[in-house]
Structure formats: structure tokens, C-alpha cells
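Participant: Quick one: the structure is below, questions incoming.
FYI, it's all coordinate maths here, none of it is from the lab. Since we're looking at a predicted model, the values are computed, not measured. Cβ: placed from backbone, ideal geometry, glycine included. Neighbour counts: every protein chain shown.
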Amino acid sequence: MNVGVAGLRFGMSWAQIFAAYSETDLLAVCDVGAKRRDLARAQLEPDAIYDSLEALIADDRLDAVAIFTPAPLHAQQVIAAIQAGKHVLSAVPAAMTLDEAKQLAEVVSSSDRTYMMAENWVHEPVVARAVQLYREGTLGQVYYAEAEYYHGLQQLRRRQDGRPTWRNSLQPLLYPTHGTAPYLHMTGDRLAEVMASGASGRSDRADGYQADWIQTAMFRGEQGALFRLSNSFQNVHAASHLLIFHGDEGSLETGRFDQARTVCYYSSGDEEDVRREVCEHPELPQFGGELAGDHGRTSMQIVMAFVQAAATGSAPPVDIMLALDMTLPGIVGLQSIRSGNWEQVPDPRSWT
Ligand SMILES: NC(=O)c1ccc[n+]([C@@H]2O[C@H](COP(=O)([O-])OP(=O)(O)OC[C@H]3O[C@@H](n4cnc5c(N)ncnc54)[C@H](O)[C@@H]3O)[C@@H](O)[C@H]2O)c1
């Protein structure tokens with residue numbers, strides 16, 4: 001499969017994985033920034049380097065493109081790529097408004113091209129273990145869950161010339177998928193309604209940041225469960241993920257900080273008996289050893305699943321409907337902050 005990658009900051013690690021994978025050839029890359037293109041030229045030596053997505057998707061040799069551009073561009077760029085006949089792997093989130101989400105759902109659903117959202121929290125070792133315990137029945141029915149995602153990204157909010165990037169005004173709930181993905185992937189539930197609120201520290205400490213420091217949403221799932229999500233990109237607290245699942249047979253919590261992806265604690269039945277387990281990625285010899293990048297092995301599993309789905313026409317693990325089920329609760333959560341009311345999260349299946 002011939003692949004092109006758009007957006008060469010986080011996207012560089014994906015380009016390296018496509019270049020290393022035995023089933024794909026990294027043929028082309030694109031970025032609007034000349035420095036990023038130069039770096040990619042030096043490190044990856046792809047056949048073609050473009051300065052726009054339009055030029056990339058016009059390359060007839062490409063079967064698929066991976067889009068790792070700023071989040072506000074994803075939906076429109078994915079639509080353009082699908083319409084150009086490419087299979088698309090999209091960075092999270094899928095969309096940032098209900099209007100573009102609806103358009104995206106319509107275009108992807110009426111195409112035979114594969115769409116997959118690259119959500120790593122479906123493949124993190126702790127989540128894979130939680131899913132296994134859930135499927136074995138160890139947790140029973142999950143009636144309450146929590147997810148926290150605190151990731152201060154102050155250094156990515158301004159360009160070198162001081163102009164703000166999209167992250168300087170990113171409302172935390174518009175980036176919900178790292179928190180929503182594990183619960184939704186595990187249970188098959190859909191978050192149907194939301195009440196949310198936000199808070200900030202003192203404005204003279206915000207350094208020009210134009211969003212709430214933290215936003216917390218309470219969701220009610222279609223299966224009756226409560227789910228709380230807290231997101232912050234202005235945390236003074238160290239970066240951390242946390243997942244908690246309470247089932248009627250057992251419960252599971254992940255570790256924190258550097259143990260968030262690999263350590264879980266679970267109990268079943270007897271509340272005194274809490275087990276600590278270190279969870280590991282599967283071996284992935286198809287990639288010929290370790291690769292650089294923040295998310296290494298989760299990205300490899302995503303690439304393998306994407307290529308498999310595109311090659312066979314089967315459903316990818318995070319298809320357009322699940323991607324929107326992971327994304328829309330945050331968009332509607334922001335609406336709830338503004339209205340002060342519980343808001344209904346649309347079912348994207350009703351749009352197509
Ligand atoms: N764990 C994760 O899943 C994870 C982690 C980091 C980033 N992300 C997502 O990946 C995406 C990229 O993240 P990032 O940190 O690299 O963002 P970024 O804004 O730092 O970099 C984006 C890159 O895209 C380029 N770009 C901008 N507009 C473009 C266009 N129209 N066409 C082609 N290239 C363009 C920029 O020059 C830049 O090099 C974001 O949507 C982010 O949400 C996901």
C-alpha cells in the first residue's frame with residue numbers, strides 16, 4: 001500500500017512507522033512549513049514532498065493518506081482525501097463542530113474508502129487488559145467510569161514568532177477522545193447526554209491562554225452508566241492519564257503518571273483482594289525493532305489495523321461511527337457549559 005503523510009510534527013513518527021512497516025511504502029509527505037519539509041526530506045527521503053494537502057491527495061500513486069495536521073483541519077481535510085479516493089487514517093479528534101461532524105459522517109458513509117481514527121487509547125496495554133477482563137466477565141456490567149487527561153502543552157501554544165497556535169484556544173472538551181475511547185471501545189456503550197462545567201486559575205497566570213484550564217463532564221450512557229471526564233491542557237499538576245471502571249462484579253483502575261499506560265489495579269468480588277498487574281504490548285516483529293516516537297507500539301498497532309481494514313474492506317477498530325461516538329460528547333459537553341443544561345449527544349447513525 002502506497003501511503004502519504006500530512007503534517008510533519010507528530011506526523012513524523014507515523015511517517016517513520018509507515019516507512020518501516022513491511023506492508024506499506026511511504027511514498028510522499030506534505031507540510032505547509034518549509035522547515036518541517038526539509039527535516040522530512042533529510043530523515044525519510046520520500047519520493048515526493050508537497051507543500052499542501054491538495055497536492056498530496058492529487059498524487060494518483062497514493063492508496064492512503066494519514067492526516068496529522070492541526071485538529072481544526074481534520075474534518076475538511078479527511079473529506080477532501082476521501083473524495084480524492086484515498087483511504088484515510090485521521091489524527092484525533094475526528095471533528096470540532098457538529099456541522100463538520102455531520103458532513104464527515106455523510107461523506108465517509110457514502111464512500112467505499114476506509115476511514116479510521118488513530119486513537120492510541122484503544123491499544124494502550126492497560127486498556128487491552130481491561131477489555132480482556134471485561135469480556136471475560138470479571139468486571140461484570142460497568143455502571144460508573146472515570147477518565148482524566150491532564151497534559152499541559154504550554155510549549156506548543158505559540159510559534160517562534162509569538163503568534164498563537166490552535167492549541168492556545170483549545171477548549172479541553174474539544175479533545176475528548178483519549179478519555180472517552182477506552183470506555184466506549186470496551187463496553188460498546190454510547191454517551192447519550194452530558195452536563196459539563198469548567199474552571200480556571202487566576203487570569204494573570206494564564207499567559208494568554210484562551211480556554212478553560214479544566215473542563216469536567218458528566219455523561220449518561222445509553223446503557224445507564226455514569227461516566228465522568230476531566231480534561232486539562234493548562235495543568236500545573238504533572239501530565240497524567242487515569243481510567244477507572246466500576247462494574248457490578250469487579251473494578252479496575254489504571255496507574256498514574258509514568259505508570260498510566262502499563263499498570264492496572266483490579267479487584268473482583270472480594271474488595272480486600274486488589275491485584276496489581278504490569279501490562280505489556282504484544283511483540284511486533286513486522287516493524288523490525290523499536291522506532292522513535294512518543295507512542296511507538298500503539299501507533300504500530302493502529303497502522304496494522306488500518307492497513308488490514310483498507311486492504312480487505314473490513315471495518316477498522318475505530319470506524320467513523322465509533323470515532324464520532326468518541327468525539328461528539330466533547331463538542332456537546334462544550335455546549336452544555338455554555339447553556340448550563342443537560343444536552344443530548346446526537347447518534348451519528350441517525351445522520352446517514
Ligand atoms: N496521542 C495522540 O493521539 C496525539 C498526540 C499528539 C498529537 N495528536 C494530534 O495529531 C495532530 C497533529 O499534532 P501536532 O502536535 O503535530 O500538531 P502541530 O500543530 O504541532 O503540527 C501540525 C503540523 O501540520 C502542519 N500543517 C498545518 N496546516 C497544514 C496543512 N493545511 N497541510 C499540511 N500540513 C499542515 C504544520 O506546519 C505542523 O508541522 C493534531 O490534530 C493533534 O490533535 C494526537
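Participant: Output the Kirkwood hydrodynamic radius of the stretch 1-111, Cα pairs only, in Å rounded to one decimal.
Facilitator: Numbers: mean 1/r = 0.0724 Å⁻¹.
For the stretch 1-111, inverting the mean 1/r across all distinct Cα pairs yields 13.8 Å.
Participant: Can you compute 3J(HN,Hα) from phi for each residue in the stretch 158-171, using the Karplus curve 6.51 cos²θ - 1.76 cosθ + 1.60 with θ = phi - 60°, rounded to whole Hz and x for Gly and Pro?
Facilitator: In residue order, the calculated couplings are 10, 6, 4, 7, x, 5, x, 8, 4, 6, 6, 10, 6, 5 Hz.
Participant: Ratio to report: Rg/Rh of the chain, with Cα atoms as the point set and Rh obtained by the Kirkwood method; give two decimals. Mind dumping the intermediate values first?
Facilitator: Details: Rg = 20.0 Å, Rh = 20.9 Å.
Looking at the chain, the ratio lands at 0.96.
Participant: Can I ask one more? For helix 98-109, report the angle its Cα long axis makes with the longest principal axis of the Cα atoms of the chain; keep it between 0 and 90° and round to the nearest 10°.
Facilitator: 70 degrees
Participant: Also, I was wondering about something else. From the mean inverse distance of alpha carbon pairs (Kirkwood) and the Cα radius of gyration, derive Rg over Rh for the stretch 86-180. Before the final figure, lay out each step's value.
Facilitator: On the way: Rg = 17.3 Å, Rh = 16.5 Å.
In the stretch 86-180, Rg relative to Rh is 1.05.
Participant: If you don't mind, another one. Nearest 5 is fine: what % of DSSP beta bridges in the chain come out antiparallel, could you say? Let's see the in-between values first.
Facilitator: Working: 38 of 64 bridges.
Percentage antiparallel, nearest 5: 60.
Participant: If you don't mind, there's one more thing I want to ask. Assign unit charges at the C-beta atoms only (+1 for Lys and Arg, -1 for Asp and Glu), then state the dipole size of the chain relative to its Cα centre in Debye, rounded to the nearest 20.
Facilitator: On the way: 28 positive and 44 negative charges, 228 e Å.
So the dipole magnitude of the chain works out to roughly 1100 debye.
Participant: Please name whichever of S169, A199, G179 sits farthest to the positive end of the charge dipole of the stretch 143-297, dipole taken about the Cα centre and charges placed at Cβ: Lys and Arg +1, Asp and Glu -1.
Facilitator: S169
Participant: Rounded, prolate or oblate: pick one for the stretch 192-343, where a ≥ b ≥ c are the square roots of the eigenvalues of its C-alpha gyration tensor, a/c under 1.5 means rounded, and failing that, prolate if a/b is larger than b/c, else oblate.
Facilitator: Details: a/c = 1.43, a/b = 1.32, b/c = 1.08.
Verdict is rounded for the stretch 192-343.
Participant: Okay, moving on. Please determine, in degrees from 0 to 90 and to the nearest 10, the orientation of helix 296-312 with respect to the longest principal axis defined by the Cα atoms of the chain, where the helix direction is its Cα long axis.
Facilitator: Orientation of helix 296-312: about 70 degrees from the principal axis.
Participant: On to the next question. Quick one: dipole size for the stretch 1-126, taken about the Cα centre, charges +1 on Lys/Arg Cβ and -1 on Asp/Glu Cβ, in debye to the nearest 20.
Facilitator: So the magnitude is around 280 debye.
Participant: A further question follows. Determine the gain in length on full extension of the stretch A34-R338; use 0.36 nm per residue of separation and subtract their C-alpha separation, reporting nm with one decimal. Don't skip to the answer; put the middle values down first.
Facilitator: Details: separation 304, 0.36 × 304 = 109.44 nm, distance 3.93 nm.
105.5 nm is the gain from fully extending A34 to R338.
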